[in-house]
Number of protein chains: 2
Amino acid sequence: MSSPEQASEPERVRAPNIRDVARVAGVSYQTVSRALNDSPSIRPETLARVQTAIEELGYRPNQAARALVTSRSRTIGVLAAQTVHYGPATSIQAIETAAREAGYRLSITNISSSEYASIKAGLDHLMAQSIEALIVIAPQVRVFEALNDLQVAVPFVTLESTGLNSAHSLWVDQIQGARLATRHLIDLGHTEIMHISGPQDWIEAEARMQGFLRELGDADLRTRAPILGDWTAHFGYYAGLELLRYRDFTAVFCGNDQMALGFMHACRESGLSVPGDMSIVGFDDIPEAAHFAPPLTTVRQNFAEIGRRAIEVLLGELRGDTELSHAPVQPELIVRQSTARLA
Amino acid sequence: MSSPEQASEPERVRAPNIRDVARVAGVSYQTVSRALNDSPSIRPETLARVQTAIEELGYRPNQAARALVTSRSRTIGVLAAQTVHYGPATSIQAIETAAREAGYRLSITNISSSEYASIKAGLDHLMAQSIEALIVIAPQVRVFEALNDLQVAVPFVTLESTGLNSAHSLWVDQIQGARLATRHLIDLGHTEIMHISGPQDWIEAEARMQGFLRELGDADLRTRAPILGDWTAHFGYYAGLELLRYRDFTAVFCGNDQMALGFMHACRESGLSVPGDMSIVGFDDIPEAAHFAPPLTTVRQNFAEIGRRAIEVLLGELRGDTELSHAPVQPELIVRQSTARLA
DNA sequence: CCTGCTGATGTGAACGTACACATCACCGGA
DNA sequence: TCCGGTGATGTGTACGTTCACATCAGCAGG
């Protein structure tokens, strides 16, 4: 029908490969490979010729082929339970950036529930991609079992836990953060302090609760059973409405800023002034917290730092550097206007 | 030193491959391949034998090899500017879930700035992974140029834009949402209405502004130049402090809920009651909005729905189904307590 | 009993790259 | 002059999978 030269559509345009580049540059394919992996033994002018050819053809290395032959996927897996919340989302963004700069890509899998089956399915999905390392941002109680069951052999770290399994954890010192928050309330003269915690299976919720209880214990104050919440503002609100029917406390330490927001809402509806009648401390310092009514006293965590460190530690392990610093990141108390001295 | 049987570490444990499975199952490797790709022509009992062998060896198909030979990466790329905000994060989570259920994985790349170079670098990083389809959640003005320059040939959709390029867009009808918000204020008797918009290069910010201006125009009301913000509560706060020095308006339509939160903060500091002295409408309906002081009237978008539809449309295109519905998702006005009839 | 067909299974490529090794030109020193 | 060494480049092979095709048994129809 038409001559090969002007064939318009018939033959599927194959992406150029290393041999096409070699032909154009007038070298062997191996030389092109060397140019791509910046081998020391290649003459500058040869390198230049190859680069010109690459440019001309719009050549891109085929990562699948590369992964196949090197058996390195250059992929880091992330198992996450909550990618919508500010904290995890911020960490993941930092992780992605750091990974990309190091030549790795990220594969994120969300688990919908903290059921063992769900965790296992997520992990399975990641392992099927032959990830080189794993980062877990999820309720970790059951994750360790799953890691075992699936015989996960890659380096991994869990974020935002508590050093429970310190060889594989990287964390903001949540216990310390909770102590800072609680101490702040005690210093203001409060003696009846309530705690609204995160879900029981989140280790970080557990850690914040521990810090709260220890600080109260150290001050010989009455401890009361913390309320187990779900991180949402809705929960904070409804828990607040319930709790405020008995006003037998003057301060609340909330497991995160969202629950604190909801609790403040409940205070308003119950006719309580914050901080006049009720002091409230949150945790996380989401960007909105400074604009709550009133601006929220809270504990700031550096989520991005945690993310960057996760990549740093994992890439280190992949290179064989063992014994990288797992020292916890220190949280910081940010005092705003939701807390006041007890009248 | 030691007999091969009890050799403990020396030889690197190679992951089992399709041939290992074949040997254990007593079939040829091709039969195993058929079992994996549920071919119709395989006897049930043979299939069972293969599955048993797979189980026994803990075999996982090597995705790199598969991708190499089929030249299908089973990867969908996401180019995102903001993965920390509630809207994009929610969409991405829905995208990930839908993609995973369809057997695809996601590769997310964050762009740090809306510079052309940054967009191009991000796109380049994705294309290098031979993604099969692309989803863009970013300021889109320059994205189209970059898509052109890089000769991106895969199906793609941009999220949350405005039908500007409707063949490739999937969007909540932002113009309609903005009109709903503005109409609500007009219906309450407001005639002097201000708008704090998102950044100029975000098409969705532009669309909300358009909706605002059109609705005002239709009502023959005075239009004033919108303030160009950056989506943050901080901006809303400082813009509010500035604007409230001249109280020549009685209502504000904010480009998103965060800026509305900041603006409410500025109102409090300026001694204005919301909604008594100032009515405020936001956009997005983040989960916290219901607990602001006062609870925020806003426009709800179904971010998850958008995400799911993105995958649906792209997978459809990959299968060859053209003409899938790109009909915009309708937003919904949620009236709470931050708006009131003009006294 | 042979032919042709169908369903089930096996064999030989090929995908695009990196590693191990081979080759080649060139150089300095005995 | 020859030798070994070195730096630059080329050739064969393997990675694990799927596709195209070949083979083989079983069965129905003439």
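The values are calculated or read from the model by the stated rules, or taken from the named source; none is laboratory data. Keep in mind the model is a prediction, meaning the values are calculated, not measured. Quick reminder, even Gly has a Cβ in these numbers, built from the backbone with ideal geometry, and neighbours come from all protein chains shown. For accessibility, only protein heavy atoms count, side chains too; no ligands or nucleic acids. Shrake-Rupley method; radii C 1.70, N 1.55, O 1.52, S 1.80 Å.
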## Note on the structure
So, with points 7 Å from each Cα along the Cβ direction, the B:Glu55-B:Glu332 label distance in nm works out to 4.5
### Query
Once phi is turned into θ = phi - 60°, what whole-Hz ³J(HN,Hα) does the Karplus curve with 6.51, -1.76 and 1.60 give for every residue of region B:259-266, x standing for Gly and Pro?
5, 5, 4, x, 5, 4, 4, 5
### Query
Which of the residues in region A:112-132 lose at least 30 Å² of accessible area when you go from the chain alone to all protein chains together (probe 1.4 Å)?
A:His125, A:Ala128, A:Gln129
### Message
Keeping all protein chains in place and using 1.4 angstrom, which order do A:Val329, A:Val69 fall into by accessible surface area, from largest down?
### Response
A:Val69, A:Val329
### Task
Apply the Karplus parameterisation 6.51 cos²θ - 1.76 cosθ + 1.60, with θ equal to phi minus 60°, to every residue of region A:72-83 and state each ³J(HN,Hα) to the nearest whole Hz, in sequence, with x for glycine and proline.
10, 7, 6, 10, 10, x, 10, 9, 10, 9, 9, 9
### Task
Calculate one ³J(HN,Hα) per residue across region B:113-126 by plugging θ = phi - 60° into the Karplus curve 6.51 cos²θ - 1.76 cosθ + 1.60, and present them in order as whole Hz with x for glycine and proline.
9, 9, 4, 4, 4, 5, 4, 5, 4, x, 5, 4, 4, 6
### Rel. contact order, % - alpha carbon contacts under 8 angstrom, at least six apart, chain B
15
### Task
Assign one of three labels to the protein assembly as shown, namely rounded, prolate or oblate, based on the Cα gyration tensor with a ≥ b ≥ c the square roots of its eigenvalues; rounded applies when a/c is under 1.5, prolate when it is not and a/b is larger than b/c, and oblate otherwise.
oblate
## Note on the structure
On protein heavy atoms with a 1.4 Å probe, the accessible surface that disappears when B meets A, both sides summed and given to 100 Å², is 3900
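Of the trypsin sites (Lys or Arg not before Pro) in region B:12-60, which ones lie in a loop per DSSP and count no more than 10 other C-beta atoms within 10 Å?
Loop-located and lightly packed - B:Arg12, B:Arg14.
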### Query
Got the B:Pro44 label distances to the other copies yet, label 7 Å along Cα→Cβ, in nm, shortest first?
7.2
### Task
Determine the share of chain B's accessible area contributed by carbon and sulfur atoms, expressed in whole percent, with a 1.4 angstrom probe.
49
### Message
Just to confirm the numbers: B:Arg341, label point 7 angstrom along the Cα-Cβ line, distances to the other copies in nm, shortest first?
### Response
4.7
### Query
Put a point 7 Å out from Cα along the line to Cβ at B:Asp187; what are the distances to that point in the other copies, in nm, shortest first?
5.1
### Query
Sequence-distant or interchain residues sharing an amide H contact under 5 Å with A:Leu106, placed H: which?
A:Ile76, B:Ile108
### Summary
Dividing the helical contributions, -39500 (n - 2.57) per DSSP H run of n ≥ 4, by the residues of chain A yields a 222 nm value, nearest 500 deg cm²/dmol, of -13000 deg cm²/dmol
### Task
With everything on Cα atoms, drop me the angle between helix B:303-319 and the longest principal axis of chain B, reported from 0 to 90° to the nearest 10.
40
### Query
Once amide H atoms are built 1.01 Å from N in the peptide plane, which residues 5 or more positions from A:Asn17, or in another chain, come under 5 Å H to H?
none
### Task
Would you grab the residues whose amide H sits under 5 Å from the one on B:Ala133? Only those 5+ places off in sequence or on another chain, please, with H modelled 1.01 Å from N.
B:Gly77
#### Entry: Rotational relation B to A, axis-closest Cβ in chain B, residue and distance rounded to whole Å
B:Ala293, 2
## Note on the structure
Gyration tensor on Cα atoms of chain A, a ≥ b ≥ c root eigenvalues, a/c under 1.5 rounded, else prolate if a/b beats b/c, else oblate, says prolate
### Task
May I ask you to list the GluC sites (Glu not before Pro) in region B:235-337 that are in a DSSP loop and have at most 14 other Cβ atoms within 10 Å of their Cβ?
B:Glu323
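Averaged per residue, what accessible area in Å² does chain B show with a 1.4 Å probe, protein chains only?
Values: 15360 Å² over 343 residues.
Computed with neighbouring chains in place, this is 45 Å² per residue.
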